[in-house]
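Chemist: Quick one: this structure, given as structure tokens, is what I'll be asking you about.
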Amino acid sequence: GPAAVDGLRTLFGEADPNLRIYALTALARIADPGSAALALEVALADANVNVVAAAVEAVAAAGSPDMGGDLVRVAGRFPNQPFVSFAVRAALRKIG
């Protein structure tokens, strides 16, 4: 639950992108505004496109409409990766 969010936060500093993706998968299962905020931080900062896509999915799981502008910025980080834009559009529809 929400108590696990801080523990997961430490995993986003790991070098292995697969570990970061696994952490985001766990984060997406925590329906809490804190988990969505952390996922958005990752989406805005991580350099790995697959990690970012997983972060966008986690935002979609528990995000709020006020995160829309930041999600649009995420899509702009990877203009040559259409699946990121697709994931962002799907997240925007889901969070309203």
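The values are calculated or read from the model by the stated rules, or taken from the named source; none is laboratory data. Note that this is a predicted model, so its numbers are computed, not measured. So basically every Cβ, Gly included, is an ideal-geometry build from the backbone, and we count neighbours across all protein chains shown. Quick note on the areas: whole protein, heavy atoms, side chains included, nothing else; ligands and nucleic acids left out. Shrake-Rupley method; radii C 1.70, N 1.55, O 1.52, S 1.80 Å.
Chemist: If the requirement is being on the phi < 0 side of the Ramachandran plot and modelled with pLDDT under 95, which of these qualifies: GLY7, GLY68, GLY96?
Modeler: GLY7
Chemist: Here is a follow-up. Identify, please: which residue in segment 1-50 is farther than 19 Å from PHE78 by Cβ and outside any helix (DSSP H, G or I) and is, among those, least open to solvent (accessible area, probe 1.4 Å)?
Modeler: Across segment 1-50, the extreme among qualifying residues is ILE30.
Chemist: So, of the residues in segment 72-95 that are within 15 Å of PRO33 (Cα to Cα) and not basic (Lys, Arg), which turns out to be farthest from the chain's Cα centre (by Cα)?
Modeler: Applying the filter and picking the extreme gives ILE95.
Chemist: Does segment 61-91 hold any residues that are outside any helix (DSSP H, G or I), open to solvent by 50 Å² or more (accessible area, probe 1.4 Å) and under 14 Å from ASP46 (Cβ atoms), and which are they?
Modeler: GLN81
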